[in-house]
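To start, the structure under review is shown below, and the notes come after it.
The values are calculated or read from the model by the stated rules, or taken from the named source; none is laboratory data. Just so we're clear, the structure is a prediction, and the values are computed from it rather than from any experiment. So basically every Cβ, Gly included, is an ideal-geometry build from the backbone, and we count neighbours across all protein chains shown.
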Amino acid sequence: MTQRLTPGTAALLVTAPLLWAGNAVVGRLVHDLVPPITLNFLRWVLALALLAPLTHRVLRPDSPLWPHWRRFAVLGLLGVGLYNALQYLALQTSTPINVTLVGSSMPVWMLAVGALFFGVAVTRQQLAGAALSMAGVLTVLSRGEWNQLLALRLVPGDLFMLLATISWSFYSWLLVRTSEPASLRGDWAAFLTGQMVFGLAWSGAFASAEWATGHTHIAWGWPLVTALLFIAIGPALVAYRCWGIGVQRAGPAVAGFFSNLTPLFAALLSAAFLGEAPRAYHAAAFALIVGGIVVSSRR
């Protein structure tokens, strides 16, 4: 049952966006040390290795995971294989502030995917909120200069992040359509492990294709090892757990507002570690995106 928002629950819901913002900043910091698709693969290999001692039973031959392998293969593709890889690819040419702001357009794509592919009706209020959020995304893509939209001067990373956001929208809707047994669904670690097993197969294939291009290298050292440990433990495991508990306690509607702290944290972390100070158009875009979510979420 959903409870009122206590300080402890709020702390959990703040921790997840902070770690996700850190994921974007760290991805930007190491973009010269490791190829983006390979970074995604290494991240989830390490995360699975850390989680395996708690969930090794999920991988047994008699596990309830295998009868539902098609569902977990799709979830692994969208959530592990595509979303994170596209985000790291976006950070090759875009900034963490832009990437997280574009990612904040998630409610727009949630409505679109739900209406087009899952038969969920969209209200006028939701459309109004989606329009505000889309205006915020366009503000980021145009760098605050609307005439740039006419010339289609877009940074490739922004487009990759749009694709990542759409991928996550499909992933989220598929999560709602449950079919797996409660023994998997009720255990967050087992449920995540099932996705990672298949997601690693996808991300490994994508990483192999990346290396087949011949324009790849890995600069092993403590900076990269430290970054891998952080993105595997923090954004991949701790954030997922904090978010899951927070949503259970406060409900998804309240928790959704906390997810939009990600670009704010990304702006602060970018200024601290990358020297990328936020611009005025970032503040305007953030206000539009949050305004759209508030409008679409009101009863």
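Tabulated values for the structure
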| item | result |
| --- | --- |
| Unique residue being of a type outside the set (A, V, I, L, M), surrounded by fewer than 12 Cβ atoms within 10 Å (Cβ to Cβ) and either modelled with pLDDT of 85 or more or under 30 Å from A52 (Cβ atoms) (or both) when the list is G186, G119, G157 | G186 |
| Helices (runs of 4 or more DSSP H) contained entirely in region 196-299, each with at least 1 residues that are modelled with pLDDT under 85 | 239-250, 252-259, 262-273, 280-297 |
| Residue, nearest to L163 (Cα to Cα), within region 100-151, restricted to residues that are among the hydrophobic types (A, V, I, L, M, F, W, C) and outside any helix (DSSP H, G or I) | F118 |
| Residue under evaluation S172, criteria (1) assigned to a helix (DSSP H, G or I); (2) at pLDDT below 75, criterion not met | (2) |
| Every residue from region 105-116 that is at pLDDT below 80 and of a type in the set (G, A, S) | S105 |
| Verdict on A164 being touching a residue at least 24 places away in the same chain (Cβ under 8 Å), touching a Ser or Thr at 6+ places or on another chain (Cβ under 6 Å) and part of a helix (DSSP H, G or I) | no |
| Enumeration of residues in region 23-65 that are among the small types (G, A, S), surrounded by fewer than 21 Cβ atoms within 10 Å (Cβ to Cβ) and in a helix (DSSP H, G or I) | A49, A52 |
| In region 66-113, residue nearest to A128 (Cα to Cα) [restricted to those that are crowded, with 20+ Cβ neighbours inside 10 Å, aromatic (F, W, Y) and out of contact with any Gly (no Cβ under 9 Å at 6 or more places or on another chain)] | W109 |
| Unique residue being under 18 Å from P36 (Cβ atoms), surrounded by 14 or more Cβ atoms within 10 Å (Cβ to Cβ) and of a type in the set (G, A, S) when the list is S208, S203, S259 | S203 |
